[in-house]
Each structure stands twice: as structure tokens, then as C-alpha cells.
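Laboratory data are not the source of any read-out in this text; all were calculated from the coordinates shown. A quick note: this is a predicted structure, and the numbers were derived from the prediction, not measured. Here the Cβ positions follow ideal geometry from the backbone for every residue, glycine too, while neighbour counts run over all protein chains shown.
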Amino acid sequence: MMEPPRYDSIGRGYAATRREDPRLREIVHAALGESRSVVNVGAGAGSYEPRDRHVIAVEPSDVMAAQRPRELASAIRASARSLPLRDGSVDAAMAILTLHHWDADQEQGVRELRRVARGPVVLLTCDPEVSGAMWLMADYLTEVGALDRRIFPSAARIASWLGGQTRVEAIPVPRDTPDWTLMSFWAHPERVLDDAARAATSGFARMAPDIVSRVVAEVRRDLDDGTWDARHGHLRALDAYDAGLRLIVNTAG
């Protein structure tokens, strides 16, 4: 029996805290260029999906697909490893913070993006070496730092799977982003204490309960006694921070 999609269990309530950031939306849409048809793989609840283009949404999780707004196209239940599209059948392909969930299908999935897209392939992913240096992973949640180094392929590896020409851009995470990824916690240590905020991040959701309890207790202690601010209080003065978010844009050779 096939294992159910991971987000069937950790995606409940996702849309409430993982809201689209309009600044990041503009960056993603600009990377899509003049493309009029786009396949969005791992489409989830539809964040960052263009509203002014023909979109084919691919999402294996019923829980995530059910959170898509009514104005968006319904999602096809399929996985990245075998997209139900012909070669070069769309202008562009996109995959937003989903590649690390493709497990053993990462290479095949990335190659599928390139196969079906005539034009750009746009991926939003994470550099685990950079995110691992952020206070949360470095000081408290070291298990996620170690996990991320295993599950996030490097930009160089992704580029080798895609072929053609690839550029990589660091995307600083704004303090006030409405998209509460784990990377957004750089500015909000109090978010570690928020059950809903933690649950909508795959990093926390993939950890054993005893690990989560330990981290919550340690962060609460260090906030209460001033230790966190003594170590990292300078971050409270920043408007944005490079927490590892990376935009990868590929064009066919």
C-alpha cells in the first residue's frame, strides 16, 4: 500500500499561517517571464500561483488541495515523478518549497519539470547550510538542521538535473512576511511557542513530540530570562534576513 501524501497529516490549517507574501509572489511571477501556461507541481493551497495565466495544478494531498481558494483551478492528484503532461506542453513549470518532500523522486521530479516546460523552470527552495546557521537550528532545533542537510539538494545538484542555464538568487525573508515558513522564525522566537505556527512548518511537524517539547521549553526559558535577546537581540532591528531561501530559475539549453 502506498504511503499517503505527507501533507495529508501535517497540512491541516496550513492556509491560516502560510499566507502568500506579495513581495515573493512578484519575484516568482517575474521569473516565469512571459509564460502564459504554467504547471505548478506540489501546488498545495495555491500560494504564489499566477491568477492571470492558465495554470495546471498538481498536488497529491487531498488535505492541501481542499484549502485551495475557489477561484483557482482544481488540483490534479499526481506526483512530481510522473507528470501527466506531454513533452513541452506548457510554457513554464514552477515548484514552491516542495522539492524537499519529493524524497527519492527529487531527481526524477526535477527532470519532469524540465521535460514538460518549453520555457523557464522556477523553483523556490532552501540552502540548508545557510538555514542551518540560523539561531533556531543552530542553537535549539539541531535535528532539523541535520534533516535539512539530507533532504534539500544543493543548487548545483538541481542545476545538473535541469541542464541548460541556471541562475540562483538569495531571497531575504522579510520580518513581516505573512508566509510563516520555518525560515520566517528568524525574527519571531515567540512563534516557537505557538502550536499553530509550528504545525504549519514541515520542520517541526516531522519531529518527534519529545524533541518539539524540548525546543519549546528551551526557547521559552531563554525568552523569559533574557538569554535569547542577549545572544540574538540584534536581529530585532533587521527588516529582512537571509535565512536560506533560494530562487532557482532554469532555461533550456
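Things to note:
- Under the combined filter of DSSP loop state and at most 11 neighbouring Cβ atoms within 10 Å, segment 18-86 retains these GluC sites (Glu not before Pro): GLU34, GLU71.
- Think of segment 7-251 as having a plus end and a minus end, set by charges on the Cβ of Lys, Arg, Asp and Glu; of VAL215, PRO69, TRP186, PRO69 sits farthest toward the positive end of this dipole.
- In summary, the convex hull built on the alpha carbon positions of segment 103-253 has an orientation-averaged projected area of 9.4 nm².
- Cα Rg over Rh - segment 20-165, Kirkwood: 0.97
- Local charge for VAL90 was computed over the other residues whose Cβ lies under 11 Å away, with Lys and Arg +1 and Asp and Glu -1, and equals +3.
- Loop-located trypsin sites (Lys or Arg not before Pro) in segment 184-253, at most 13 other Cβ atoms within 10 Å (DSSP): none
- Stretch gain in nm, segment ALA252-THR142, where the contour uses 0.36 nm per residue and the Cα spacing is subtracted: 35.9 nm
- Taking the DSSP bridge list for segment 7-251 and keeping only pairs wholly inside it, about 50 percent are antiparallel.
- A dipole drawn for the chain from +1 and -1 charges on Cβ atoms has a positive end, and of LEU113, ALA159, ALA200 the residue lying farthest that way is LEU113.
- Residues with amide H under 5 Å from that of VAL173, placed H, sequence gap 5 or more: TYR241, ASP242, ALA243
- Charges were assigned to the Cβ only: +1 to each Lys and Arg, -1 to each Asp and Glu. The resulting dipole of segment 7-251 about its Cα centre is roughly 740 debye.
- Residue exposure sequence - ASP21, ASP194, ASP210 - by fewest surrounding Cβ within 10 Å: ASP210, ASP194, ASP21
- Each Cα pair under 8 Å and six or more residues apart adds its separation to the average, and for the chain the resulting relative contact order is 22 percent.
- Two tests apply to each whole DSSP H helix in the chain, Cα reach of 15 Å or more along its axis and mean Kyte-Doolittle hydropathy of at least -1.0, and the ones passing both are 209-224.
- Local charge for GLY132 was computed over the other residues whose Cβ lies under 13 Å away, with Lys and Arg +1 and Asp and Glu -1, and equals -4.
- Using θ = phi - 60° in the Karplus curve 6.51 cos²θ - 1.76 cosθ + 1.60, the 3J(HN,Hα) couplings for segment 91-101 round to 6, 8, 10, 9, 8, 10, 6, 10, 4, 5, 9 Hz; x is entered for Gly and Pro.
- Taking each DSSP H run with n ≥ 4 as -39500 (n - 2.57) and averaging over every residue of the chain yields -8500 deg cm²/dmol at 222 nm.
- Ranking LEU235, ILE56, PRO128 by how far each Cα lies toward the positive end of the dipole of the chain (charges on Cβ) leaves ILE56 at the top.
- Per-selection Rg to Rh, segment 61-135 - Cα, Kirkwood hydrodynamic radius: 1.02
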